[in-house]
Amino acid sequence: MATARRGGGPAGNASRSGRFRGRGGARAGAGRSGRGPRSPPAAAAGPTAAAAAMEGFVDFTNRSQGRDQLFRATQYTCMLLSYLIEHKADKEKLVMKLKQLESSMSSGRKMFRLGNMVHALVAARRTTQLPDVVPRFCLTASNLTRALYFVCDAVLWLKSVGLQPDIDKPKWRNWATKCYYFSLLMNLARDWYEISWRVEQAVQEEKTKENSFWDKHSEELNCVKCDSLQGFFLLLFQILKRHPPLLLDLVKNLCDLSGPLDTLGIYKTNPGVIGFCGVLSSLVGILTLASPHLKLKQ
């Protein structure tokens, strides 16, 4: 028993000393950590934001529409730059490279659009279920003619890669341009319907004094009564300002119209105007793809 007590003595002492050291170490650690945890370096938030931006870019480019818009912006930027510098004597090689890049972007876009005919047909089927008659007709007709445009575009791609060398390229290009032109007209008709509906709604709200916003701006709306043209444009500005998706869709369709108008000979312009309108339209398309809430709902 004495031996056991003596044998247990050192163990007990060691245990007690271990507990003491543990408490002491904890106190020492607490004393050392009293300064608080080290704050992460200020640059640590940088990689997180950069990674989020990169993930957003990857998600955007993974979509076929995103790649097409990037290629489209590059194509029309090359067209605009080559037009601006083509008359300078020492820029011949640069103009040649820009035109080659423009042609490459155009061919790449044709390949990306090979399956878009199915998307257009699905969209046409979906728009046939819209409750309003005018948007249903305009959007369905736009999607159907866009599907025909993609068919013509695919035929032109077969010609460009040499799989069908006997294709009459001018004839198919003319058909494709007409289909695209009609599709844009239908989109613009839908935009005009949306604008006219909102104008009528705003006038009715001003008459009945039910909307507080138009009550505060009654002086601006009274211009409709005193001067119809000035009042209409003022009211149009207010409506487009309050509805950015409608404004962006209108700008995009008007810019896209410059190419078919020139190709069909309806209104001749130059590559500089077409390039500028194409760049602006592409930027709007990229914006609406990156921010879906800015896209006009069907």
Quickly work out the Leu130-to-Arg242 label distance, labels modelled 7 Å from Cα along the C-beta direction, and quote it in nm with one decimal.
2.1
Ignoring ligands, DNA and RNA, please state the percent of accessible area on region 91-212 from carbon and sulfur, probe 1.4 Å.
60
Solvent-accessible area per residue for region 248-298 at a 1.4 Å probe radius, Å²?
50
Averaged per residue, what accessible area in Å² does region 68-112 show with a 1.4 Å probe, protein chains only?
62
Send over a whole-number figure in Å² for the accessible area per residue of region 114-167, probe 1.4 Å.
58
For region 73-193, alpha-carbon Rg relative to the globular expectation (2.2 N^0.38 Å, N residues):
1.31
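The values are calculated or read from the model by the stated rules, or taken from the named source; none is laboratory data. Since the model is a prediction, treat every value here as computed from it, not as a measurement. Cβ: placed from backbone, ideal geometry, glycine included. Neighbour counts: every protein chain shown. When the accessible area is computed, the model is the full protein with side chains, heavy atoms only, and any ligands, DNA or RNA have been set aside. Shrake-Rupley method; radii C 1.70, N 1.55, O 1.52, S 1.80 Å.
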